[in-house]
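The block underneath contains the structure these notes are about, expressed in structure tokens.
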Amino acid sequence: MKVKTKDLYYAAYIVSCGGTVEDITLTEDGRRGRPSSATFILSGENVEALSKEFLSGQAKANLAAFKMAMDQLKEMMFDLIDARKA
């Protein structure tokens, strides 16, 4: 199963629990010409269960792993932005 979301916290929760980032797409704000949002596509064995946990408010996370996942996702987004500028 794959999950698609624009919610950074949702994506970080799934990644911190073993999910994999399949893709990140950036949507540009036409007026400013810079990314205004990111969409994450995530996959993994337990993505469906993790998704249900997060959406139902039952998510439990290791905070260190969650922080690392947030940093990883942000770095991936900034790398995409930098690649677009080049």
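The values are calculated or read from the model by the stated rules, or taken from the named source; none is laboratory data. Everything numeric here is computed off the predicted structure, so don't read it as measured data. Cβ atoms come from the backbone with ideal geometry, glycine included; neighbour counts cover every protein chain shown.
Conditions tested, residue by residue: (1) in contact with a Ser or Thr (Cβ under 8 Å, 6 or more places away or on another chain); (2) among the aromatic types (Phe, Trp, Tyr); (3) at pLDDT 95 or above.
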position: Tyr9; (1), (2), (3): no, yes, yes
position: Val15; (1), (2), (3): no, no, yes
position: Pro35; (1), (2), (3): yes, no, no
position: Ala38; (1), (2), (3): yes, no, no
position: Leu42; (1), (2), (3): yes, no, yes
position: Leu55; (1), (2), (3): no, no, yes
position: Ile81; (1), (2), (3): no, no, no
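Of all residues in segment 62-80, those satisfying the criterion of being exposed (fewer than 13 other Cβ atoms within 10 Å of the Cβ) and more than 13 Å from Gly18 (Cα to Cα) are Leu63, Ala64, Asp71, Glu75, Phe78, Asp79. Note on segment 34-61: residues that are under 23 Å from Asp79 (Cβ atoms), surrounded by fewer than 17 Cβ atoms within 10 Å (Cβ to Cβ) and not charged (D, E, K, R) total 6.
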